[in-house]
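The values are calculated or read from the model by the stated rules, or taken from the named source; none is laboratory data. These figures come from a predicted structure and were not determined experimentally. Cβ placement follows ideal geometry from the backbone for every residue including glycine, while neighbour counts extend to all protein chains displayed. Calculation scope for accessible area: heavy atoms of the full protein, side chains included, ligands and nucleic acids excluded. Shrake-Rupley method; radii C 1.70, N 1.55, O 1.52, S 1.80 Å.
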Amino acid sequence: MDTYLRVSEAQRVVLEAVATMGREQVKLDQSLGRVLAEEVRANRDQPPYDISAMDGYALRSADLGRIPAILEIIEDIKAGDLPNKTVASGQCARIMTGAPMPQGADTVIRVEDTEAVADNCVQINQAVKAGNDIRRLGENMRNGDVVLAPGTEITPGVIGVLATVKCAQVQVYRRPRVAILSTGNELEGLDEPVDPNKIPNSNSYALMGQVQALGIEPVLLGIARDDPAELAHYLKRGLEYDVLLVSGGTSVGVHDYVRPTIEALGAQMLFWRVAMKPGHPVAFGKVGEKCIFGLPGNPVSSMVCFEQFVAPALRRLMGHARTHRRTLSARMTHHVKHQPGRTEFIRVSLAKTQDGYTATSTGPQGSGMLLSMAKADGLAILPAECNNLTEGSMVAVQLLDGAFFQNDSGFRE
Ligand code: AMP
Ligand code: MG
């Protein structure tokens, strides 16, 4: 008898069995979503000198003892210029955002607080202290400072920092190569004519989308029939990849050949069953350094198991410290039946209210009901030991792809 692991135990087994891949160098424009494998340091002071934060006038704060004050404009400093003159008492320089501060000046007054009085004179209507609207030399970063640590996910902001320190090539962790295999005599390929007696192969494609959403382009190996020799042939091909996802055939039916065939290939299987609903016939093992996941054939089970076990493994392999989907807390809008014993994942849509989120089932929850998965913003998680959930109870909801944007801004001004 196989033991049923809890979801959290099975996740721990998976994460302990996978390690971050090796490194590779990629161009900055190909680095979004990857994970830095090196420490990155600043290559100079930023800004390189004190610069103006505003379009306005650089002047001496001591000249603003009496307001309004009329000052002589001695120079025009644009971004990219170097100042030539020293600002003396009674003088100022017209300065643009990003331009270097001239000698003698200790503050900036924005143009909105001044009035033109003549070509070479300006009236200052506002007193400010020394240091106003100046960005100080090195306030962003100092030459030699560590600005990014290994393990940092490369987001658009990180790309900005990398460009600032002139990192045109970046060391990142490799992405695993992933293969997807569907099994079952009843399956009809996407490019095959419609046969009313067959079941369309949706799992290969839903899994493909899930892998792509993590930034990896998988290889689809097609459909293997329920035949030990054919299955062995496909599994061997699949094990040329870093990670092989096998959909279907992991259950205990007489034609479920995945288990004996995987075992005959020398796989060290770490589990075959997890106490979850949907998705309990889910398996994980290793053949050398390669990982193999046996996912249930039922379309929703396959996707839910991917989110719980495959996504964390792929994220770990890619070097991410954040391996799990983000969860948020939501109030169930209705009663949910649940028998203690298995962790249950309910497909829900989320709505934002004045006091947090609400979660509502997206429809029938059978493990083959893919439409309710397609509509889901997330998976509400009912812990194994809990009983029926009453309306208004709080649940953790794991966010799915598609839930990261909303229809409105979400704030009031
Ligand atoms: P199995 O895990 O092979 O016993 O399959 C369980 C259920 O999932 C059966 O109803 C299968 O027809 C269905 N199924 C298996 N593989 C796929 C697939 N690739 N796409 C859609 N449904 C599938
Ligand atoms: Mg099958």
Fill in the blank from the handout: Looking across region 225-253 at residues that are among the acidic types (Asp, Glu) and either over 24 Å from residue 18 (Cα atoms) or exposed (fewer than 15 other Cβ atoms within 10 Å of the Cβ) (or both), the single one that is farthest from the chain's Cα centre (by Cα) is 227
Completion exercise
Among (1) more than 16 Å from ligand 1 (Cβ to nearest atom); (2) closer than 30 Å to residue 294 by Cα, residue 133 falls short only on (2)
Exercise for the section: Within region 4-43, work out how many residues are of a type outside the set (A, V, I, L, M, F, W, C), over 30 Å from residue 276 (Cβ atoms) and open to solvent by less than 100 Å² (accessible area, probe 1.4 Å). Expected result: 7
Practice task
Hey, can you tell me all the residues within region 365-393 that are open to solvent by 30 Å² or more (accessible area, probe 1.4 Å) and under 28 Å from residue 202 (Cβ atoms)?
Solution key: 365, 366, 367, 368, 369, 370, 371, 374, 375, 377, 381
Problem - Among the residues listed as 402, 410, the single one being open to solvent by less than 70 Å² (accessible area, probe 1.4 Å), farther than 26 Å from residue 282 by Cβ and modelled with pLDDT under 95 - result: 410
Exercise for the section: Can you tell me which residue within region 182-212, out of those that are open to solvent by less than 30 Å² (accessible area, probe 1.4 Å) and of a type in the set (S, T, N, Q), is nearest to ligand 2 (Cβ to nearest atom)? Expected result: 183
Practice task
Answer with yes or no whether residue 287 is away from ligand 1 (no atom under 16 Å from the Cβ) and either surrounded by fewer than 19 Cβ atoms within 10 Å (Cβ to Cβ) or small (Gly, Ala, Ser) (or both).
Solution key: yes
Practice task
Can you confirm whether region 324-334 contains a residue that is within 17 Å of residue 307 (Cα to Cα), in contact (Cβ under 8 Å) with a residue 60 or more places away in the chain and either aliphatic (A, V, I, L, M) or touching a Ser or Thr at 6+ places or on another chain (Cβ under 9 Å) (or both)?
Solution key: yes
Problem - Hey, residue 362 closer than 27 Å to residue 405 by Cα and open to solvent by 30 Å² or more (accessible area, probe 1.4 Å) or not - result: no
Handout entry: Extreme residue, surrounded by the fewest Cβ atoms within 10 Å (Cβ to Cβ), among residues of region 148-174 that are within 15 Å of residue 321 (Cα to Cα) and small (Gly, Ala, Ser)
Key = 149
Problem - Unmet criterion (only one of (1) touching a helix residue (DSSP H, G or I) at 6+ places or on another chain (Cβ under 9 Å); (2) farther than 24 Å from residue 338 by Cβ) for residue 289 - result: (1)
Exercise for the section: Determine, yes or no, whether residue 62 is assigned to a strand (DSSP E or B) and of a type in the set (A, V, I, L, M). Expected result: no
Exercise for the section: Could you identify the single residue in 113, 145, 106 that is of a type in the set (D, E, K, R) and open to solvent by 60 Å² or more (accessible area, probe 1.4 Å)? Expected result: 145
Completion exercise
Result of the Cβ filter at 9 Å on region 233-258, keeping first residues that are under 16 Å from residue 290 (Cα atoms) and partners that are more than 11 Å from ligand 2 (Cβ to nearest atom) and of a type in the set (Asp, Glu), at least 6 apart or interchain, is 242/289
